[in-house]
Amino acid sequence: MTDERNLSGPGRAEDQVTAIDRLARELEGIRRHETGPAVEFVRGGILFAVREGSGHSFRLRPEIVEAALRTPDTSPSARGSEWVSLASTAADAFTLDRAKAWFETAWRLAGEAVEQRPRMN
């Protein structure tokens, strides 16, 4: 994995918000909606991630959520059983890696769901 840096200062590592915003610009087909204090990330009409404050919630497969909930700084999301919340209270590399991986996984799953939708003829 490369050592990614925030452009706001030399040697300063990305935080969770900055990393997710960067990924949202780099990955295809993401629409970003600001709804009050939250920022929603949508692909093909499917909500797959939400930032609330400086933490994020991700829509993942139930087995991934189950495993994710056994890692630090996570909690079940009020959004449902397919969602996991990750607080940003820990600013360590492991938490940042999980946030980026879960965001990209949620983005991929949203793309798969779009592809599986029945098509109108």
Next item on the list: Identify the residues of segment 12-34 with backbone N under 18 Å of a label point that sits 7 angstrom from the Cα of THR89 along the Cα-to-Cβ direction, or state none.
Entry: 16-17
Item checked: For peptides 54-61, 65-72, sequence by mean Cβ density within 10 Å, most packed first -> 54-61, 65-72
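Which peptide among 28-36, 75-83 comes first, and what is the full order, when sorted by highest mean count of other Cβ atoms within 10 Å?
75-83, 28-36
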Notebook entry, point to check: Using mean Cβ contacts within 10 Å as the protection proxy, how do 92-102, 42-52 order, highest first?
Noted result: 42-52, 92-102
Item checked: Average Cα contact separation per residue, segment 32-114, under 8 Å, 6 or more apart, as relative contact order % -> 28
Check: Once you put a point 7 Å from the Cα of ALA78 and another 7 Å from the Cα of ASP21, both along the Cβ direction, what distance in nm separates them?
Finding: 2.5
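Readers should treat all values here as calculations from the given coordinates under stated rules, not as data from a laboratory. Treat the numbers as computed from the prediction; the structure is a model and nothing was measured. Reconstructed Cβ throughout: ideal geometry from the backbone, glycine too, with neighbour counts over all protein chains shown.
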